[in-house]
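In what follows, a structure is listed as structure tokens, so that the remarks can point back to it.
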Amino acid sequence: MKYYQRLTDLREDAEKTQSQIAELLHTTQQQYSRYERGLREIPFGHMITLAKYYNVSLDYLAGLIDTPRKLR
């Protein structure tokens, strides 16, 4: 799975809008939409913020593994 699809899935599972997640990341909804569509690489700092927010490991968020691991 591509990481950007994982971004979408996690956001939708949390019942959040792109605008809400963009606010968390201090960016615009338009820029966040580009991350979810794979049009822009998401900065590593944003990935860390999202991993903490969704309580999942970075390797899961990045699409490297298929089973989510909780953060400690």
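No lab work stands behind these numbers, since they all come straight from the coordinates. What you see is a predicted model; the values in this text were computed from it and never measured. So basically every Cβ, Gly included, is an ideal-geometry build from the backbone, and we count neighbours across all protein chains shown.
Taking first residues from segment 1-12 that are more than 15 Å from residue 25 (Cβ to Cβ) and free of Cβ contacts under 8 Å to residues at least 60 places away in the same chain and partners that are small (Gly, Ala, Ser) and surrounded by fewer than 19 Cβ atoms within 10 Å (Cβ to Cβ), the Cβ contacts under 6 Å between residues at least 6 apart in sequence or on separate chains come to 6/63. Taking first residues from segment 13-24 that are under 16 Å from residue 56 (Cα atoms) and partners that are of a type in the set (Phe, Trp, Tyr) and surrounded by 12 or more Cβ atoms within 10 Å (Cβ to Cβ), the Cβ contacts under 6 Å between residues at least 6 apart in sequence or on separate chains come to 21/32. Restrict the check to segment 31-53 and report whether at least one residue is within 9 Å of the chain's Cα centre (by Cα), assigned to a helix (DSSP H, G or I) and polar (S, T, N, Q). Yes. Residues of segment 17-44 that are of a type in the set (D, E, K, R), surrounded by 13 or more Cβ atoms within 10 Å (Cβ to Cβ) and closer than 20 Å to residue 2 by Cα: 34, 36, 40.
Count of segment 35-58 residues, restricted to those that are among the aromatic types (Phe, Trp, Tyr) and over 21 Å from residue 69 (Cα atoms), is 1. Note on segment 1-19: residues that are farther than 16 Å from residue 42 by Cα and assigned to a helix (DSSP H, G or I) amount to 2.
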